[in-house]
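The structure appears below as structure tokens.
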Amino acid sequence: MNELVELPPLLSPFLLEPMRLGVLDLPFSPLQLVLEFFLPLLLVGALLRIVFLILRGFIRELAIADPIKERAERWTHRVTRLAWITTIFLLASRLLGTEMVRWISFAVKTLNQPFFQSGGTSISVVTLLLVIPVFYFAGWFSRITRQSVEQGLMRHLNLDAARAFSLLSVVRFAAMGLAIVVGLSVIGINLSSLAVLFGVLGIGVGFGLQDVVANSFAGIIIILTRPIKEGDRILVGSLEGTVQQIKFIHTIVNTVTNETLIIPNSEITSTAMHNYSYNDLSILLLNAVQVSYSSDLDQVGEVLLEVGRRCPFAVPGKEPLYRVVSFDDSGITLRLGTWIRDARERMPASSWCNLEIWRAFRKEGIEIPFPQMDVHVRSGVAGPVSPADSSPGEPEVSPDSLQGSLPE
């Protein structure tokens, strides 16, 4: 019991004396740090979280458009984050008191201490921190420039979608590069003085970044030559999808099953790829079907053409067509060709045509055969078998070959 009573005096030097960080004497104790900084910060953070959840629930219940709801939620999250940062600054000011200015000056001086110098360029921690907003501004400036060109200049130019995409991509990357060069110069980085350093580093790093460099140049080639563009329906291996975004290093493709493929640009330029919408989004959709040998092929053709004319995905004014493909073991294979407006609708259009072909055949009494084999047993009488006794493609089986398999 005495030990418990003596415990607070043992801890008091640690809890109440000012903290020391190396050679620096801090103007607060560990107990003050907990009670005056961390505990209030935790309470304010919990309160801000509750307020954010309440406001988000209120916004979601409003009878407004979804984009406006999403924008309101983003701004609510930004305001609560700003309030959190402000709380940290105010609590730190209260904890440091009059020493706040001295500590800020010390931190700024330490962060401004250059750790690399080349010519007239000095790079410090503050310089590296300023690089982040430079790249952020470059990305924002490139997007604004592309939108301005797209909404202003592109309206007066008679360009197709592929050429417009290439021009806008070049404008975007040029604006980004210009903003990066100007931004780095503003924060004090002289690119000309770093050219030698970049050249030396490029020799060593280039061996490890061969794929990155190859993909970057492949991205430029894709933008200029336009083998694919955003919105194209392509076939990658056995997966079919739509090109969502073309970047410097890779291309993002969204498959029909809502899966995301990230394809290196060098693979696109070096391998064969099926582009359903290279020049035109309309394609010829093929639906194969078999009918029995007893079917009237003229009637079957009219039924198929009627299905193609009624297809809601068809191109107006383009007549469907059908072809007799082959005479197979179980039936005759035919193929219906229907021009559809958009290659991205190939799967639903194919499903619709298959279903309507089945319904139309069932209504007209047209048989869709399944694999089968008819066996004709000849008697022992010698002589040729008449054509009426056998069907095309059906093998003849002699009684000798069936001995041992037929019951007596």
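Worth pointing out:
- Our estimate of slack between GLN151 and GLU306, defined as 0.36 nm per intervening residue step minus the Cα-Cα distance, is 51.4 nm.
- Ranked by the mean number of other Cβ atoms within 10 Å of their residues, highest first, the peptides 263-271, 179-187, 316-324 fall in the order 263-271, 179-187, 316-324.
- Put a dot 7 Å past the Cα of VAL34, heading toward its Cβ, do the same for PHE137, and the two dots end up 4.5 nm apart.
- Modelled spin-label separation between GLU61 and ARG94, with each label point placed 7 Å from Cα along the Cα-to-Cβ direction: 3.3 nm.
- TYR136, TYR278 arranged by Cβ crowding within 10 Å, fewest neighbours leading: TYR136, TYR278
- Neighbour counts of other Cβ atoms within 10 Å put LYS109, LYS229, LYS69 in the fewest-to-most order LYS109, LYS69, LYS229.
- Pair LEU235, LEU286: separation of 7 Å Cα→Cβ label points (nm): 0.9 nm
- Cβ-to-Cβ counts within 10 Å put TRP358, TRP75 in ascending order as TRP75, TRP358, the fewest first.
Since every read-out is calculated from the coordinates, none of them should be taken as a lab result. Just so it is clear, the model here is predicted, and its values are computed rather than measured. Counting neighbours? That spans all protein chains shown, and the Cβs are built from the backbone with ideal geometry, glycine included.
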